[in-house]
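The values are calculated or read from the model by the stated rules, or taken from the named source; none is laboratory data. Everything numeric here is computed off the predicted structure, so don't read it as measured data. Here the Cβ positions follow ideal geometry from the backbone for every residue, glycine too, while neighbour counts run over all protein chains shown. These area figures cover heavy atoms from the full protein model, side chains too; ligands, DNA and RNA do not enter into them. Shrake-Rupley method; radii C 1.70, N 1.55, O 1.52, S 1.80 Å.
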Amino acid sequence: MIIVLIGGRARVGKTTLANYIAEYCINNNLTPKMVPFAYGIKKAADKKGLTKDNNPLEYRNFCQALGESMRVINPDHWVDEWKIKVSEIEKEEADDLQANPDLWKERVIIVDDCRYMNEVAIGRKYNATSIFIRQGKRKLIDDDAEWRTHPSEELANMVEKKDKNYDDLFKFVISNDSTLDVFKKHCIKNIPSWLGFYADGSKMECNCEICKANRENREPDHNKVMEELLDILEKALEEDEDKNK
């Protein structure tokens, strides 16, 4: 199972990127699953007949209000609901692998609304690929609207401003400040590596102890991790000595 988290200010292109990734998955024998952190919020909005396309302002106000009301009770409420959904997909994938190994397709969970620190944190726990989309020089729709100061936009605003305290939150940072065609070409070119594949479609696999332990769903052997770190340091020192000769 692969998980991709996408962050960025509202209307910067997160869902657009999510759709590009889903299309890549469909065309490359992978099964995409759209599971936003606001999965439960969107279901509640749908029951009220509110959609982003037909009732944009009312939809956003409803979602923000519901989201915050539950976070007051439990800051991890929506993350916990997301984890339940991910567990269901994980079981579905395992069952398919056992029942039909020749027809099994790896699941790719795509999250197009990474907005809070606890969402970034759970992504790291799941070893997710995290991508932040910068607006750069582009002016977004409703760029100065009052809702842009809502807590759901705070993290993205700080990353966009290049605040040093938010520098390393996302593994990849890309810009969407040109044409849609330019953005799409950049994404299509990089999606394989973001998902951990080489250009020919073969899977990248790091064989360090931490990565192997993660793939095998176990705790890493800390002695092996230390040995590998010492080897890396020793090689780096040797390279420096060679350069200084």
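Checking Arg148 against (1) at pLDDT 90 or above; (2) charged (D, E, K, R); (3) touching a helix residue (DSSP H, G or I) at 6+ places or on another chain (Cβ under 9 Å), only one condition comes out false. Which one?
Answer for Arg148: the failing condition is (1).
I'd like to check something: does the range 155-164 contain any residue that is touching a residue at least 12 places away in the same chain (Cβ under 8 Å) and open to solvent by 50 Å² or more (accessible area, probe 1.4 Å)? Spell out how you get there, then give the answer.
Let us first name the residues in the range 155-164 that are touching a residue at least 12 places away in the same chain (Cβ under 8 Å), namely 155-157, 159-160.
From what's left, open to solvent by 50 Å² or more (accessible area, probe 1.4 Å): none.
There is no residue in the range 155-164 that is touching a residue at least 12 places away in the same chain (Cβ under 8 Å) and open to solvent by 50 Å² or more (accessible area, probe 1.4 Å).
Only one of these is part of a helix (DSSP H, G or I) and within 22 Å of Ile21 (Cα to Cα): Ile131, Ile122. Name it.
Of the residues listed, the single one that is part of a helix (DSSP H, G or I) and within 22 Å of Ile21 (Cα to Cα) is Ile122.
Name the single residue that is nearest to the chain's Cα centre (by Cα) among those in the range 101-115 being farther than 17 Å from Thr15 by Cα and surrounded by 14 or more Cβ atoms within 10 Å (Cβ to Cβ).
Taking the range 101-115 as the starting set, the residues that turn out to be farther than 17 Å from Thr15 by Cα are 101-107.
Subsequent filtering for residues that are surrounded by 14 or more Cβ atoms within 10 Å (Cβ to Cβ) retains 104-107.
Details: Trp104: 23, Lys105: 20, Glu106: 17, Arg107: 14 Å.
Among residues in the range 101-115 that are farther than 17 Å from Thr15 by Cα and surrounded by 14 or more Cβ atoms within 10 Å (Cβ to Cβ), the one nearest to the chain's Cα centre (by Cα) is Arg107.
Could you list, in sequence order, the residues of the range 45-67 that are under 20 Å from His77 (Cβ atoms), surrounded by fewer than 16 Cβ atoms within 10 Å (Cβ to Cβ) and touching a helix residue (DSSP H, G or I) at 6+ places or on another chain (Cβ under 9 Å)?
Lys48, Asn61
Can you name the condition, by its number, that Gln98 falls short on among (1) more than 22 Å from Met1 (Cα to Cα); (2) open to solvent by 70 Å² or more (accessible area, probe 1.4 Å)?
It is condition (1) that Gln98 fails.
Are there any pairs, at least 6 apart or on different chains, whose C-beta atoms fall under 9 Å, with the first in the range 227-245 and on the phi < 0 side of the Ramachandran plot and the second modelled with pLDDT under 70, and if so, which?
Pairs that qualify, where the first residue is on the phi < 0 side of the Ramachandran plot and the partner is modelled with pLDDT under 70, are Glu228/Ile210.
Go through (1) open to solvent by less than 70 Å² (accessible area, probe 1.4 Å); (2) of a type outside the set (D, E, K, R); (3) out of contact with any strand residue (DSSP E or B) (no Cβ under 8 Å at 6 or more places or on another chain) for Asn19 and report which single condition fails.
Of (1) open to solvent by less than 70 Å² (accessible area, probe 1.4 Å); (2) of a type outside the set (D, E, K, R); (3) out of contact with any strand residue (DSSP E or B) (no Cβ under 8 Å at 6 or more places or on another chain), only one is false for Asn19: (1).
Taking Asp80 as meeting all but one of (1) within 30 Å of Asp167 (Cα to Cα); (2) touching a Ser or Thr at 6+ places or on another chain (Cβ under 9 Å); (3) without any contact (Cβ under 8 Å) to a residue 60 or more places away in the chain, write down the number of the exception.
(2)
Can you tell me how many residues within the range 165-183 are surrounded by 13 or more Cβ atoms within 10 Å (Cβ to Cβ) and in a helix (DSSP H, G or I)?
Result for the range 165-183: 2.
Of the residues Asp167, Asp144, Asp163, which single one is out of contact with any Lys or Arg (no Cβ under 9 Å at 6 or more places or on another chain) and over 15 Å from Gly8 (Cα atoms)? Don't jump to the end; show me each part of the working.
On the way: Asp167 fails: over 15 Å from Gly8 (Cα atoms); Asp163 fails: over 15 Å from Gly8 (Cα atoms).
Testing whether each residue is out of contact with any Lys or Arg (no Cβ under 9 Å at 6 or more places or on another chain) and over 15 Å from Gly8 (Cα atoms) leaves just Asp144.
Mind checking which pairs have a first residue in the range 42-56 that is within 17 Å of Gly67 (Cα to Cα) and a second that is open to solvent by 70 Å² or more (accessible area, probe 1.4 Å) and at pLDDT 85 or above, Cβ under 6 Å, 6 or more apart or different chains?
If the second residue must be open to solvent by 70 Å² or more (accessible area, probe 1.4 Å) and at pLDDT 85 or above, the pairs left are Leu50/Glu58.
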